[in-house]
Amino acid sequence: LLCCNNDIKLLNNVIYGMLKTFKEKPKTGTIGCRLHFEDNTIQHDGILMYINKIDNRISVTHLNLKNYYNYYNSTKEVFGNTGGLMMVRNYTFEKYGMFNENYVSCFEDVEVNMNLLSSGFKNYICSECVSYHYESQTRNEDPKNLIKLNYDYHNNLLPSIKNNIDKIKNNIIII
């Protein structure tokens with residue numbers, strides 16, 4: 001993760017803005033910021049989990065992915081945040097979260113967010129805080145990586161979601 005044009009002041013502003021949310025919202029689990037790819041499209045503006053009411057398929061995605069516009073420029077509650085730039089209190093992480101080491105490629109950050117939600121915490125995205133993430137823009141284009149993603153999703157994340165569904169159902173959107 002690098003900051004815009006190596007400007008450390010901007011990164012400090014992002015960190016300050018995220019820390020401010022911890023102070024204002026004491027029951028905070030994770031806090032993230034809006035992440036942009038190098039081409040200025042959005043990589044992350046919070047994680048969204050939804051269930052398709054027709055086939056009960058569960059999906060996880062980044063809000064506003066590859067978008068230039070139509071995002072909120074404020075702090076809002078979300079299902080979760082990406083590990084690309086996410087804050088969580090050390091005590092909270094150790095007691096309720098921790099990264100599951102069974103994941104091969106990704107989604108361990110989604111599980112941490114879900115564990116915190118199921119423990120009564122709320123996750124927030126500070127969309128007014130922006131940083132750049134110079135990774136993952138083409139991750140889903142590599143067939144070998146898609147195999148790893150599918151493995152993690154079906155063998156780790158889905159079972160965890162199903163075990164916590166009653167505790168997190170108010171945070172899932174039904175479409």
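The values are calculated or read from the model by the stated rules, or taken from the named source; none is laboratory data. Worth saying up front: this structure is predicted, and the values here are computed from it rather than measured. With ideal geometry, Cβ positions are generated from the backbone for all residues, glycine too; neighbour counts draw on all protein chains shown. SASA here: full protein model, heavy atoms, side chains in, ligands and nucleic acids out. Shrake-Rupley method; radii C 1.70, N 1.55, O 1.52, S 1.80 Å.
Before moving on, here are some points about what is shown:
- Scanning region 15-40 for residues that are exposed (fewer than 12 other Cβ atoms within 10 Å of the Cβ) and under 18 Å from Y132 (Cβ atoms) yields Y16, D39, N40.
- Restricting attention to region 90-121, the residues that are open to solvent by less than 50 Å² (accessible area, probe 1.4 Å) and assigned to a loop (DSSP other than H, G, I, E, B) add up to 9.
- Restricting the first member to region 73-92 and to residues that are in contact (Cβ under 8 Å) with a residue 12 or more places away in the chain and at negative phi, and the second to residues that are open to solvent by 20 Å² or more (accessible area, probe 1.4 Å) and assigned to a helix (DSSP H, G or I), the beta-carbon pairs closer than 6 Å and six or more apart or on different chains are F79/N171; T82/D109; G83/D109.
- Scanning region 123-169 for residues that are at pLDDT 90 or above and touching a Cys at 6+ places or on another chain (Cβ under 8 Å) turns up I125, C126, D152.
- I165 being closer than 14 Å to I47 by Cα, surrounded by fewer than 18 Cβ atoms within 10 Å (Cβ to Cβ) and out of contact with any Gly (no Cβ under 6 Å at 6 or more places or on another chain): no
- Residues of region 52-81 classified as open to solvent by less than 30 Å² (accessible area, probe 1.4 Å) and at pLDDT 90 or above, total: 4
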